[in-house]
Amino acid sequence: MFPTLAIESPPSQNLVLGFLNGALNSLKRDISRMFAVLYGRPNIDEVARSNEDEDSLHPALKSLMTTVGDHCDLRSSDCFSEKRNFDGEGDPPAVFNVLDALLKGSLDRLKAMRESICLAKSGLQKCFLEAVPQPDYTVMVRDLCLKGKLGAALLLRRKLMREGFVVDLLTHNYLLNGMCINCDMEMADSLFREMLESGPSPSCATYNIIIKGFCLHMNMDKALDLFYTMANSGIRPSRITYNILLDALCKRGILEDARKLLENNLDDDIKTQDDAIRSTILMDGHFKGGDMIQAVALWDEMVEKKTEIDAVAYNVLIHGLCLNQDKKIALGYVVDMLKRGFLPDIFTYNTLISDLCKEGQFGEAYYIHDVMSRMGVSPDQISYKMIIQGLCMTGDAIKANEFLNLMLEKSMVPEPHIWNLIIDCYGRYGYLRDAISIRDQMLAAGVLPNVYTYNALIHAQVKGGNIFSAYSLKKDMLLLGLFPDVVTYNLLIHGACKCGQIRFALQLYDEMLRKGYEPDKITYTELIRGYCMCGDMKEAEDLFIELHRSGLPMDIVPFKVIFEKYHRIGEPDMALKFYQRWFTMMA
């Protein structure tokens, strides 16, 4: 039917119909291109020109295009009146009436399309975003910050803002917290100022995050400035805000300032609330300040007011009593803790183990270690380190090694410091082979030795009189990318002087200076001892004078080395002269 009608229509009408259909098709392609941009389709022009590519469009987009096409395409059946001359003669008035109707209908459709385009620019994107599930950007930012990927989180925020999204307060709080954790307080402060200027306006939680960040980084001036800014901005500080500042002030030993903060700024309704956290913080501050009476008084006040005491409060009390060497009272509160239904945690047990090891009561420390394991609290690195450190201080390297093996049996890889303690203990008591064996075991466990490891091994070699083996260990350090320190050179110089190798000791001293290390009083003392062993007293005295002129803090050891040497070689007059010279220098 369509071809027949098209042939019967006048040429001018066909021309207008072709023009209008072309214009509408062009508009349809423009709308399709716009929708494709919304869907992120980069090759939409090709899609509009090719029916084959149209199949690859998003189903929602194809449906929308079909709907627009159905309402916007001009069909030739709409362009003719129902009155037709089947003899082949057209009705001229009817033709013009149809043309007028056609133009009016086309203009109405164009108007509707124009309004649709405006709608697409303003609100259609929202419709599509509602139709297609969008990711929760706040959760994404939070996860990135928790994983330490702060750069990616900031990039996501910037992208969202460019695309017109309003990034909410919670997302900004996650970003601020991530910056504080990553020690980037300058960036955190910049973001906070941006929030003050452009929004979203910071809340109490926002202030708490950044105040805590500055407190952790020991910038109390900035933290207190933010606190007062918060109050002046009409944001009421919460108990958490006060507790953050109290904790920071107490840790710095500024307990009086903490009290003033409470008295001057704490609201009456907050003052009347029994806050276990606030009382625990103040109690900890009193213990660390040595005021045990005030600390215990705070505890008694908490009990009297029936404040909800938790395991943390008990731990602070027990730790403070142990610090003040009241172990029996501390153990009594452990019993009270159990009676109240609180099970001791890893912090409680470590506090007791530390106190017992400091007093040399290793039997009791072993007992606590066994009890905590039976109570379902697994000892951690700190637990083992305190026991091993105490054993090494008393020279019991064998028992310390047993605890090291216990850690390995539990698939707990000790940190380098623990290995170094045992290596040093073996070396100090002349068990060189055992020290080297621990080093090899350390490497097998995948723990890389550090400078302290090699210093302990060098000390062991020097103690055994193996100066050249000790020097070869220094070469091994360099092969591993480790650089000797002043302690390394002092140990080697001591070993060389002890073996009478004063020339080798001086070579080490020169090497030390070339590499930019500053000699300390131990360096000078060892060289003075070396000169005295070789009988070169003049060089020893000259080096003693150089030590005095260096400005380094001096003790009596280098003087005693020279003075006693003069007595041993039967030169009391020289000893007296040296004493008088030393006395004049010290005056």
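The values are calculated or read from the model by the stated rules, or taken from the named source; none is laboratory data. From a predicted model like this one, the values you see are computed outputs, not experimental measurements. Counting neighbours? That spans all protein chains shown, and the Cβs are built from the backbone with ideal geometry, glycine included. Surface accessibility is based on the protein's heavy atoms, side chains included, excluding ligands, DNA and RNA. Shrake-Rupley method; radii C 1.70, N 1.55, O 1.52, S 1.80 Å.
Quick notes on this structure:
- Any hit, the range 189-209, residues being farther than 20 Å from S233 by Cβ and either open to solvent by 30 Å² or more (accessible area, probe 1.4 Å) or without any contact (Cβ under 8 Å) to a residue 12 or more places away in the chain (or both): no
- E539 being of a type in the set (D, E, K, R), free of Cβ contacts under 8 Å to residues at least 24 places away in the same chain and open to solvent by 50 Å² or more (accessible area, probe 1.4 Å): yes
- Candidate set from the range 313-358 (those that are touching a residue at least 24 places away in the same chain (Cβ under 8 Å) and of a type in the set (F, W, Y)); member that is surrounded by the fewest Cβ atoms within 10 Å (Cβ to Cβ): F347
- Residue in the range 324-339 that is farthest from the chain's Cα centre (by Cα), counting only those that are of a type in the set (D, E, K, R) and closer than 17 Å to A365 by Cα: K328
Per-residue answers, yes or no, for (1) open to solvent by 10 Å² or more (accessible area, probe 1.4 Å); (2) out of contact with any strand residue (DSSP E or B) (no Cβ under 8 Å at 6 or more places or on another chain); (3) at pLDDT 90 or above:
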{"position": "H494", "(1), (2), (3)": "yes, yes, yes"}
{"position": "G500", "(1), (2), (3)": "yes, yes, no"}
{"position": "I522", "(1), (2), (3)": "yes, yes, yes"}
{"position": "L527", "(1), (2), (3)": "no, yes, yes"}
{"position": "G530", "(1), (2), (3)": "no, yes, yes"}
{"position": "C534", "(1), (2), (3)": "yes, yes, no"}
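- Residue within the range 393-409 that is modelled with pLDDT of 90 or more, exposed (fewer than 15 other Cβ atoms within 10 Å of the Cβ) and among the charged types (D, E, K, R) present: yes
- Residue check for Y566: within 30 Å of P449 (Cα to Cα) and either open to solvent by less than 60 Å² (accessible area, probe 1.4 Å) or among the hydroxyl-bearing types (S, T, Y) (or both): no
- Qualifying position, being within 50 Å of the chain's Cα centre (by Cα), open to solvent by 70 Å² or more (accessible area, probe 1.4 Å), of a type in the set (A, V, I, L, M, F, W, C) and under 19 Å from P484 (Cβ atoms), among L513, L506: L513
- All positions within the range 159-188 that are at pLDDT 85 or above, open to solvent by 60 Å² or more (accessible area, probe 1.4 Å) and among the polar types (S, T, N, Q): N177
- Among the residues of the range 467-479, those identified as touching a residue at least 12 places away in the same chain (Cβ under 8 Å) and either in contact with a Ser or Thr (Cβ under 8 Å, 6 or more places away or on another chain) or of a type outside the set (V, I, T) (or both) are A470, Y471, L473, K474, D476, M477.
- Identification of helices (runs of 4 or more DSSP H) wholly contained in the range 505-587 with 1 or more residues that are touching a Pro at 6+ places or on another chain (Cβ under 6 Å) yields 521-533, 537-549.
- Some residue of the range 440-449 being part of a helix (DSSP H, G or I), out of contact with any strand residue (DSSP E or B) (no Cβ under 8 Å at 6 or more places or on another chain) and within 29 Å of I528 (Cβ to Cβ): no
- Members of the range 292-308 found to be touching a residue at least 24 places away in the same chain (Cβ under 8 Å) and either surrounded by 15 or more Cβ atoms within 10 Å (Cβ to Cβ) or in contact with a Gly (Cβ under 9 Å, 6 or more places away or on another chain) (or both), listed by number: M292, A295, M302, T307
- Elements of the type helices (runs of 4 or more DSSP H) sitting completely within the range 304-412 and holding at least 2 residues that are farther than 28 Å from M292 by Cα: these cover 362-374, 381-393, 397-409.
- Residue match in the range 478-490 (condition: farther than 15 Å from V451 by Cα and part of a helix (DSSP H, G or I)): no
- Extreme residue, farthest from the chain's Cα centre (by Cα), among residues of the range 222-262 that are among the β-branched types (V, I, T), open to solvent by less than 60 Å² (accessible area, probe 1.4 Å) and at pLDDT 80 or above: I235
- Pairs where the first residue, in the range 232-247, is of a type in the set (F, W, Y) and the second is not in a loop (DSSP other than H, G, I, E, B), C-beta under 8 Å, 6+ apart: Y242/L261; Y242/L262; Y242/N265; Y242/I270; Y242/R278
- Any helices (runs of 4 or more DSSP H) falling wholly within the range 169-242 and containing at least 3 residues that are out of contact with any helix residue (DSSP H, G or I) (no Cβ under 9 Å at 6 or more places or on another chain): 185-198
- Residues of the range 289-303 that turn out to be within 12 Å of L323 (Cα to Cα) and assigned to a helix (DSSP H, G or I), as a count: 1
- Residue in the range 445-485 that is surrounded by the most Cβ atoms within 10 Å (Cβ to Cβ), counting only those that are more than 21 Å from H417 (Cα to Cα) and among the aromatic types (F, W, Y): Y471
- Residues (open to solvent by 50 Å² or more (accessible area, probe 1.4 Å) and touching a helix residue (DSSP H, G or I) at 6+ places or on another chain (Cβ under 9 Å)) located in the range 368-379: M375, S378
- When restricted to residues that are without any contact (Cβ under 8 Å) to a residue 24 or more places away in the chain and among the charged types (D, E, K, R), the range 164-188 contains 1.
- Considering (1) modelled with pLDDT of 90 or more; (2) out of contact with any Gly (no Cβ under 7 Å at 6 or more places or on another chain); (3) under 30 Å from L323 (Cβ atoms), the lone condition that C425 does not fulfil carries the number (2).
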